[in-house]
Amino acid sequence: MSNSVISPPIENVKPTVTQRIASRRTAGKRKDFKQDTGTGYLFIAPWLFGFFLFSAIPIAISLWLAFTNYDIFGNWQYVGLDNFQRMFFQDVRYGHALSATFKFVAIGVPLRLIFALGIAVLMNTHRRGVSFYRAAFYAPSIIGGSVAVAVMWRQLFGSDGLFNAVIGGLGIPPTNWLGNPQTAIWTLILLSVWQFGSPMLIFLAGLKQIPAELYEAASIDGANGWRKFLRITLPLLTPIIFFNLILQLIGGFKVFTQAFIITGGTPLDTTLFYSLYLYQRAFNSYELGYASAMAWVLLAIIAVLTAISFKLSSFWVFYESKEG
Amino acid sequence: MEITHSVPIQAETLRISHRNQKRFNTVLYHGSVIIATVIMLYPILWLFASSFKGQDEIWTNVNSLIPKTLHFENYTNGWAGFGGISFAVFFKNSFIYAGVGTLFAVTASALVAYGFARLRFRGKSFWFTLMLLTLMLPSQVLIVPQYIIFNKLNWIDTFLPLLVPRLGGDAFFIFMIMQFIRAIPFDLDEAALVDGCSRRGIFFRIILPQLKPALITAAIFSFYWTWEDFLQPLLYLNDPHLQTVSVALRSFADPSSASDWGAIFAMLGLSLVPVFIIFIFFQRYLVEGIATTGLKG
């Protein structure tokens, strides 16, 4: 599955007057409604069934597995904190996986957001053809997670691929982009940046909420385009930037298919992303206990980074209500 | 005379320079945006161009988007598949997975969303909070224990591990449809209730017909995610006759054995066609779905 939803960013920013009245009215009337526990549980029964069988029980099993050396044949022993000790102090490849993943997220996510915002600003106009341009910029994102695109990307950066042919026309000698430990991760970062469509659409929806009067007032005061962007667009957009940042951060740690197909973690583990290494431990060397321990550490990493982001957000995210 | 003359002349030159400036901006805008779209779309166009190229030019005439001669046989060669299994089988499997999976997920999500959005029952806020928490859970935590469970149930090499979990709905879609139901005026429910309609009747007669846009959006995303899903079919469908397109493409394009790259590009391209068709017809729903809930496409 893909990204998570934290809160709907646009719709709930500012409820319209009619919405507010409507919600007040429904809140009042809802009290007249009788509680009907039977029907309620009947409707949410599918989710309860799915939750217990495919989330709650697996979570409990996974937590138990993390403290065992369970293998594919079902043999296991309780090993205490051994898995975690091995991860942090003995497993060199785990360190490679961490650094590859952090590098991918730390470079890929900001680049993706910068492109998303830049293009969204360009798309926030009533010029002719803009809906075609928007579709063209979004198109790579709808196919980006597929195996077909991953194979295409691998061939694109292969020794006799398109990329070498294009830069060859500029006089740059061909390179083995995927085989070189310096460059391999950049092909994956580029693939992720290429798919800036979703954050772009979220930015675009946010840009449309900024009142035009603000720009008109700034123009009268003699502000140029760049100044208006820095002083009006960026501050008003910070809640959306924050929302996108969280989504991309979480998504960045889960990248799997592309690395699996394009590089398989090579060369020298420079693209051995966390999910890929977890998969290899679980299903190539059948260390299901160790892989489960890795999954819980991933959960902790994501939780801590998200918490830090929320803490830091008060320094740079601008909320209108606070200022007013 | 001279003074009165100079004012209109200045205004005229200003107006001309302003108009020129505007025209220059328009040209600059379209010029740069078109260059950017070409760069963005070039890899996709290259993929489709290569699917028509002959074996002789596919890696020699790499950057051309126009094949010297059109090789339609790439598609028939690719469709023939590998290991005696044609791509018809793989596409059929993918359509089963994506079609049935989407039907299950969207139907269940709509029912659950109505329960959470409109009905009052004990423990509701507890379950709702729990559901929001599952949204935060990385799927990596569930992969290993789910594999063990499905293995124990002897569900490997069947579609059951892929489809049965979807009967529980999907927290993303439940949340999205709930937002939509909340926007439907409560007066309609009330009127129906006064007329003697049951809660179930309200859902099927009042709410469901109005949910069409939300259901279409959920269905599109569900179809996309399932169509491109790679990990689950890889884990649970080992029998080559049960493989989906995404898993088959990986074997078909295996760098150590692949030779007929024209046929490979043809099948890569073909696997994207359903996605593009949906994109062209339902773009509006996609854009709104992402903009309002942050769902990733």
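The values are calculated or read from the model by the stated rules, or taken from the named source; none is laboratory data. Bear in mind the structure is a predicted one, so any value in this text is a computation, not a measurement. FYI the Cβ positions are ideal-geometry reconstructions off the backbone, even for glycines, and counts take in every protein chain you see.
For the stretch B:106-134, which positions are more than 7 Å from chain A (Cβ to nearest Cβ) and hydroxyl-bearing (Ser, Thr, Tyr)?
Matches in the stretch B:106-134: B:Thr107, B:Ser109, B:Ser125, B:Thr129.
What are the residues in the stretch B:49-61 that are surrounded by 18 or more Cβ atoms within 10 Å (Cβ to Cβ) and either at pLDDT 90 or above or in contact with a Lys or Arg (Cβ under 9 Å, 6 or more places away or on another chain) (or both), if any?
Within the stretch B:49-61, B:Ala49, B:Ser50, B:Ser51, B:Phe52, B:Lys53 qualify.
If I ask for residues that are at the interface with chain A (Cβ under 7 Å from one of its Cβ atoms), more than 19 Å from B:Ala219 (Cβ to Cβ) and touching a residue at least 60 places away in the same chain (Cβ under 8 Å), which ones from the stretch B:169-204 would you list?
Within the stretch B:169-204, B:Arg199 is the sole residue that qualifies.
Name the residues in the stretch A:37-69 that are within 8 Å of chain B (Cβ to nearest Cβ) and more than 30 Å from B:Ala113 (Cα to Cα), would you?
Listed by number, the list holds a single entry, A:Leu65.
How about the stretch A:131-160: which of its residues are outside any helix (DSSP H, G or I) and within 7 Å of another protein chain (Cβ to nearest Cβ)?
Selection gives A:Gly145, A:Ser146, A:Asp160.
Being surrounded by 15 or more Cβ atoms within 10 Å (Cβ to Cβ) and either in contact with a Leu (Cβ under 7 Å, 6 or more places away or on another chain) or at negative phi (or both) is true for just one of A:Ser219, A:Ser146. Which residue is that?
A:Ser146
Could you tell me whether the stretch B:150-159 includes any residue that is buried (at least 16 other Cβ atoms within 10 Å of the Cβ), in contact with a helix residue (DSSP H, G or I) (Cβ under 7 Å, 6 or more places away or on another chain), in a helix (DSSP H, G or I) and facing another protein chain (nearest Cβ under 8 Å)?
no
So, in the stretch B:44-61, exactly how many residues are within 21 Å of the chain's Cα centre (by Cα) and either more than 9 Å from chain A (Cβ to nearest Cβ) or closer than 18 Å to A:Met200 by Cβ (or both)?
Number satisfying all stated conditions: 3.
Working only within the stretch A:204-258, note down all residues that are of a type in the set (Gly, Ala, Ser) and touching a helix residue (DSSP H, G or I) at 6+ places or on another chain (Cβ under 8 Å). So that I can check it myself, show each step before the final result.
Narrowing the stretch A:204-258 to residues of a type in the set (Gly, Ala, Ser): A:205-206, A:212, A:217-219, A:222-223, A:225, A:251-252.
Once the filter is applied, which keeps residues that are of a type in the set (Gly, Ala, Ser) and touching a helix residue (DSSP H, G or I) at 6+ places or on another chain (Cβ under 8 Å), the stretch A:204-258 yields A:Ala205, A:Gly206, A:Ala218, A:Ser219, A:Ala223, A:Gly252.
Check whether at least one residue in the stretch A:10-31 is facing chain B (nearest Cβ under 7 Å) and at pLDDT 80 or above, and report yes or no.
No: zero hits.
Sort through A:Ser292, A:Ser314 and tell me the only one that's more than 13 Å from A:Thr101 (Cβ to Cβ), among the hydroxyl-bearing types (Ser, Thr, Tyr) and surrounded by fewer than 21 Cβ atoms within 10 Å (Cβ to Cβ).
Residue meeting the stated conditions: A:Ser314.
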